[in-house]
Amino acid sequence: MKCFFHDTVKIPVGEVMLEGEFTLPQDAGSIVVFSHASSRSRFSRRYQKIARELQHLGYGTLLLDLLTEQEDAAYYYTRCDIELLTRRLTGVTEWLEGYEPAAHLGIGYLAAGTGAAAALRAAYYLPHVLAVVCHGGRPDMADDILSKVETPVLLIAGDLDQDMLEHNRFAMEKLQCRKKLVEIKGAGQLFVENDAIARVTAEAISWFNHYLHVPKPVPKYVPRQVPRLQVL
């Protein structure tokens, strides 16, 4: 039986404190950071189920909220502010590298919605991120850097949501890294149909097993400069 270390963490990023659930199995070599544009995603049963599957396979997980409750109330303006979400995710990633239980771990992202664009941008700015999986996401909203991303990227979309599928096909054409687009038959954006979320989980695990499961020691790096937010 695996032993797990668990901690509810508060992460300072800029002027806000983000909350997350950090879980680390014994002998884990890597961690999956969940990237969702919400203040309550860490309580989602779907995401908790995916996290448990990853944990039992030996991955650490950080179920994370990229927005505060006050920001989430503004909904459209904050959830679609890709620059803000990117700065939050890069800040969290850099915090993880200084957090003793996680300092040695390889890092991957599991993203949804506009959090997918933030994950791709963060992977561009932090090229030592080893893998990105986007499910039901908007990778097209990172259009300006898609061709420059070096991290392996898996895109997952349901075939019942044609708009979302087209957004992912667009991103797939732009990406020049190792990439794959999986279309889940009979599923919409949220993958609530039948066993859709189980299929998403299986595809994500397969990608992480290939690119994240046995990471090499992470070399020292010089991150690309993240643009600063402009206060209007």
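When the dipole is taken about the Cα centre of the stretch 13-71, and only Lys, Arg (+1) and Asp, Glu (-1) are charged at their Cβ, what size is it in debye, to the nearest 20?
Details: 6 positive and 8 negative charges, 76 e Å.
About 360 debye.
Charging the Cβ of each Asp and Glu at -1 and of each Lys and Arg at +1, and nothing else, the dipole of the chain about its Cα centre rounds to 500 debye. When the chain is treated as a GNM with alpha-carbon contacts under 10 Å, the residue of Val32, Val192, Val13 showing the greatest mean-square fluctuation is Val192. 3J(HN,Hα) along the stretch 17-27: 10, 8, 10, x, 10, 9, 10, 9, x, 4, 6 Hz, from the Karplus curve 6.51 cos²θ - 1.76 cosθ + 1.60 with θ = phi - 60°, whole Hz, x for Gly and Pro. Out of every Cα-Cα pair that the stretch 158-202 contains, those further apart than 13 angstrom amount to 54 percent.
Inter-part distance, the stretch 34-69 to the stretch 135-206, computed on C-alpha centroids, equals 18 Å. The candidate values are (i) 32, 20, 15; (ii) 23, 21, 18; (iii) 27, 21, 18; the one derived from this structure for semi-axes √(5λ) of the Cα gyration tensor in Å carries the label (ii).
Among Phe34, Phe191, Phe208, the largest mean-square fluctuation in a Gaussian network model of the chain (Cα springs under 10 Å) belongs to Phe191. Farthest towards the positive end of the charge dipole of the stretch 4-211, among the residues Leu154, Gly20, Pro139, is the Cα of Leu154, using unit charges on the Cβ of Lys, Arg, Asp and Glu.
Compared with the alpha-carbon gap, the fully stretched path from Val16 to Phe43 is longer by 7.8 nm at 0.36 nm per residue.
Given the -39500 (n - 2.57) contribution per DSSP H run of 4+ residues, what per-residue ellipticity at 222 nm results for the chain, rounded to the nearest 500 deg cm²/dmol? List each step's numbers first, then the result.
Values: 7 runs with 78 residues, N = 232.
Calculated at 222 nm, the ellipticity per residue is -10000 deg cm²/dmol.
Every number in this text was worked out from the coordinates using simple rules, so none of it is lab data. Computed from a prediction, not measured in an experiment: that's the story for all the values here. Note that each Cβ is placed from the backbone with ideal geometry, even for glycine, and that neighbours are counted across all protein chains shown.
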